[in-house]
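To start, the structure itself, in structure tokens.
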Amino acid sequence: MSSIAVHHNAWVLIGDGRRALFFVNQGDAELLDLRVIETRIDKNPATRDQGSDAPGRNFASKGGVRSALDNTDWHEVEEERFARHMAQKINQEAESGALPEIVIIAPPRTLGEIRKELSIKAQSKISGEIAKDLTRHPVSDIEKSLAIKAS
């Protein structure tokens, strides 16, 4: 994992399509002390548990040709919605001035969804990004991974 400076009072978001952990660094870039600001957990059952209807049919205007439409992946739709909510939180905190800077750590697809929804002001607060899922890692391991090594 590359070194990213997580300064004092900087925020860190560890998220995926179901969990978001917002931290603030009470330490410094060399000795992080991440404290939880907010935790969000989304109940997102599998698609088979969310949608039970058969896929729809599409009828051509000429010739009577019918074709099946793809099933909606409700699980994926919910993950995208959850990523938008994470971005909205970042946008609100950036606009209010409560967010001095943020490091975002999320799987590549979730990171992309968050990026699409960030305001210009929120984008200017990003000091680093890591495309990786660390939501199930202990805070101490995350701190060790992000701490800048003193030279």
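The values are calculated or read from the model by the stated rules, or taken from the named source; none is laboratory data. Everything numeric in this text was worked out from a predicted model, so none of it was measured. Glycine gets a Cβ as well: all are built from the backbone with ideal geometry, and neighbour counts include every protein chain shown.
Condition check: surrounded by fewer than 18 Cβ atoms within 10 Å (Cβ to Cβ), in contact (Cβ under 8 Å) with a residue 60 or more places away in the chain and not aromatic (Phe, Trp, Tyr). Does Pro108 satisfy that?
When the stated conditions are applied, Pro108 does not pass them.
Six or more apart or on different chains, Cβ under 9 Å: which pairs go from a residue in segment 123-140 that's free of Cβ contacts under 8 Å to residues at least 12 places away in the same chain to one that's in a helix (DSSP H, G or I) and of a type in the set (D, E, K, R)? Could you list them?
Gln123/Arg115
Do any strands (runs of 3 or more DSSP E) lying entirely in segment 45-151 carry at least 1 residues that are at pLDDT 65 or above, of a type outside the set (Lys, Arg) and under 24 Å from Gly27 (Cβ atoms), and which ones are they?
The qualifying strands (runs of 3 or more DSSP E) are 102-106, 126-131.
In segment 2-26, how many residues are in a loop (DSSP other than H, G, I, E, B) and touching a residue at least 24 places away in the same chain (Cβ under 8 Å)?
Going through segment 2-26 one residue at a time, the tally reaches 11.
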